[in-house]
């Protein structure tokens, strides 16, 4: 895995191998990550990355949030309750030299609790596939104020998910066994 674009383009991230099934680590491939960021940067909905506050749920290795940092995001909060994931995430944050602009929270993404600051502008959601955890996490984030007006949600699943209101689906693409859904919070 590597950073695909931006200031840290080409930076090699910590190795996960084929992933860790026990820890539910299934890193987004470089190809899918590149496709996601091409959709964000070049899409008709406007580039949400520069200056964004990013929330990376089920963060795993943190590759999505770190890619956003490399491309101009202001700050990233990573959420994962897995010990193996957080260890890899911390290694990757050190490789990026991003300690001052990142937060790592050991938290269940399906029970976020109240947001104590402004909502986030860009949310990455890459739950373990087929378990309904993405729906639960978004319901929690919507109920507790984690998603700012106008925010973009990028959701990876193995099948097209049902995007909950008030989020509006704006795009959906398939890449092998991964379905990427883009949704926007109304302003």
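Only the coordinates and a few stated rules stand behind these numbers; no lab work does. Fair warning: this is a prediction, and the values are worked out from it, not measured in the lab. Backbone-built Cβ (ideal geometry, glycine too); neighbour counts: all protein chains shown.
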Sticking with the crude label model, points 7 Å out along Cα→Cβ, report the distance from residue 101 to residue 84 in nm, one decimal please. 3.0 nm
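As a test, work out the antiparallel percent of DSSP beta bridges whose residues both lie in the chain, rounded to the nearest 5.
Details: 15 of 33 bridges.
Percent antiparallel among DSSP bridges in the chain is about 45.
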Identify the residues of the range 39-63 with backbone N under 15 Å of a label point that sits 7 angstrom from the Cα of residue 7 along the Cα-to-Cβ direction, or state none. 49-54
Bounding extents of the chain in its principal axis frame from Cα atoms, largest first in Å, are 37, 37, 33
